[in-house]
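Some notes on the structure that comes next.
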Amino acid sequence: MSAHAMELVLYDLGVKREARTAFGEDAAAFLKRYGVDASESEMIRSFNMAGLLKAGVSPLLTYGFWMMNAPVKTRVAYLERSRETA
């Protein structure tokens with residue numbers, strides 16, 4: 001697993017509108033561009049914040065990704081998902 005690859009994905013999803021659009025239209029196809037493996041892709045697609053944090057992804061990037069892309073864009077929801085068992 002590569003925290004660097006996942007961080008690049010989350011950065012792009014946090015700051016690039018075209019990335020968010022592509023992710024929303026076909027997340028699997030979008031993530032293939034970054035070379036993340038199947039488990040990394042699943043963590044990102046399912047908004048598995050605890051798993052991403054456990055894998056060494058920056059909390060700043062996971063929070064930005066959450067606030068720009070998650071179905072429920074609140075700090076409370078982010079913290080709840082971050083505390084779940086990875």
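What are the ³J(HN,Hα) couplings of segment 36-47, residue after residue, when phi is run through the Karplus curve with 6.51, -1.76, 1.60 and θ = phi - 60°? Round to Hz, x for glycine and proline.
3J(HN,Hα) across segment 36-47, in whole Hz: 6, 7, 4, 6, 5, 4, 5, 4, 6, 4, 8, 6.
Once you've got the GNM for the chain with C-alpha springs shorter than 10 Å, pick whichever of Leu60, Leu52, Leu31 has the biggest mean-square fluctuation.
Leu60
Select from Asp26, Asp12, Asp37 the residue whose mean-square fluctuation is largest in a Gaussian network model of the chain (Cα-Cα springs shorter than 10 Å).
Asp26
At what distance in angstrom do the alpha carbon centres of segment 32-86 and segment 1-20 lie from each other?
About 11 Å separates the Cα centre of segment 32-86 from the one of segment 1-20.
Kindly provide log₁₀ I(q)/I(0) values, in the same order as q = 0.14, 0.18 Å⁻¹, from the Debye equation applied to equal alpha-carbon scatterers of the chain.
Log-scaled intensity ratios, in q order: -0.39, -0.67.
None of the figures in this text is laboratory data; all of them are computed from the coordinates on show. Worth saying up front: this structure is predicted, and the values here are computed from it rather than measured.
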